[in-house]
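S.K.: One structure, pasted below without further comment.
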Amino acid sequence: MNVVITGGNRGIGLALTKQYKARGAKVYATCRNSCDELNSAGVNIVSGVDVARPETLAEKLAPLMDVKIDLLINNAGVLGRESIDDWDPNTIDYQFRVNAMGPLLVSQTLLPALAEDAKIALITSRMGSMSDNGSGGYYGYRMSKAALNAAGVSMANDLRAKGIAVGIFHPGFVQTEMVNGAGDIDADTCAERLASRIDELTVENSGRFIHSNGEELPW
């Protein structure tokens, strides 16, 4: 099984990299810059991949075009903390490029390399849910994740005829650097849960918005 994971150098991406390596998969971890922990993980590293720079993706992802990809996990993401009174359009724009455009463009670029029964997993957030938003704020993050969810549903519809399933997964509140170590679960537990949800993903349930604990989330 060939697995490609974006943002594989830290947090959830690194935990997923280790999880699939332990399962016996051949893992390709992409990142802007590698780290010692990733270097020692015994996986294939494709560095220099910046999902916010679409003009570079074809070149940087070229090493993966000869890989028959069974699972593509679009994990790379960033979090901003804009409020109604304190915001910067540049940080909002950057979150859109990384969180929403990035996964779509990576998926489009690698589509010719996907196996006939491949799966695409989008690591999103319940903060992209309209119904679940009871606290406001986080404008760039919420908006970009809502856009990613919309892209995921379209991808599920467009790729179903090809036998490719698309999962839209909320990882949970995970103890990572992105949230300064706060969270309800650690990255390894999150990776185990996400791998289980990806195991359950089929073309029949493609395009659903699922918590890593198995709960279906509202849009």
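S.K.: Just to be sure before I move on: is residue 67 of a type in the set (Val, Ile, Thr), part of a loop (DSSP other than H, G, I, E, B), farther than 19 Å from residue 12 by Cα and in contact (Cβ under 8 Å) with a residue 24 or more places away in the chain in the structure I sent?
M.R.: yes
S.K.: Count, please, the residues in the range 1-30 that happen to be outside any helix (DSSP H, G or I) and either surrounded by fewer than 20 Cβ atoms within 10 Å (Cβ to Cβ) or on the phi < 0 side of the Ramachandran plot (or both).
M.R.: Residues in the range 1-30 being outside any helix (DSSP H, G or I) and either surrounded by fewer than 20 Cβ atoms within 10 Å (Cβ to Cβ) or on the phi < 0 side of the Ramachandran plot (or both): 17 in total.
S.K.: Additional query: I'm trying to understand the selection: among the residues of the range 94-108, which are of a type outside the set (Gly, Ala, Ser) and either within 18 Å of residue 32 (Cβ to Cβ) or at pLDDT below 95 (or both)?
M.R.: Result: 94, 95, 96, 97, 98, 99, 101, 103, 105, 106.
S.K.: Looking only at the range 79-103, which residues are assigned to a loop (DSSP other than H, G, I, E, B) and in contact (Cβ under 8 Å) with a residue 24 or more places away in the chain?
M.R.: 79, 80, 81, 82, 83, 84, 87
S.K.: Can I ask one more? Within the range 104-144, how many residues are free of Cβ contacts under 8 Å to residues at least 60 places away in the same chain, touching a strand residue (DSSP E or B) at 6+ places or on another chain (Cβ under 9 Å) and surrounded by 18 or more Cβ atoms within 10 Å (Cβ to Cβ)?
M.R.: Final tally of qualifying residues: 9.
S.K.: State whether one or more residues within the range 109-116 are farther than 21 Å from residue 202 by Cα and modelled with pLDDT of 95 or more.
M.R.: Checked against the condition, which is being farther than 21 Å from residue 202 by Cα and modelled with pLDDT of 95 or more, the range 109-116 yields at least one hit.
S.K.: Moving on. Checking the structure you have, find out if any residue of the range 182-192 is closer than 19 Å to residue 79 by Cβ, loosely packed, with under 13 Cβ neighbours inside 10 Å, of a type in the set (A, V, I, L, M, F, W, C) and out of contact with any Leu (no Cβ under 8 Å at 6 or more places or on another chain).
M.R.: yes
S.K.: Here's another thing I want to ask about it. Those residues that are among the hydrophobic types (A, V, I, L, M, F, W, C) and part of a loop (DSSP other than H, G, I, E, B), I need them from the range 31-61; list them, please.
M.R.: 31, 35, 41, 43, 49, 51, 52, 61
S.K.: Same structure, new question: Return the residues of the range 191-203 that are out of contact with any helix residue (DSSP H, G or I) (no Cβ under 6 Å at 6 or more places or on another chain) and in contact (Cβ under 8 Å) with a residue 24 or more places away in the chain; say none if nothing qualifies.
M.R.: 192, 194, 197, 198, 201, 202
S.K.: Of the conditions (1) aromatic (Phe, Trp, Tyr); (2) more than 17 Å from residue 147 (Cα to Cα); (3) in contact with a Ser or Thr (Cβ under 6 Å, 6 or more places away or on another chain), residue 28 satisfies every one except a single condition; which number is it?
M.R.: The one condition residue 28 does not meet is (3).
S.K.: Among the residues of the range 20-27, is there at least one that is farther than 30 Å from residue 139 by Cα and β-branched (Val, Ile, Thr)?
M.R.: yes
The values are calculated or read from the model by the stated rules, or taken from the named source; none is laboratory data. Since this is a predicted model, take the numbers as computed values, not measurements. Positions of Cβ are backbone-derived with ideal geometry, glycine not excepted, and every protein chain shown enters the neighbour counts.
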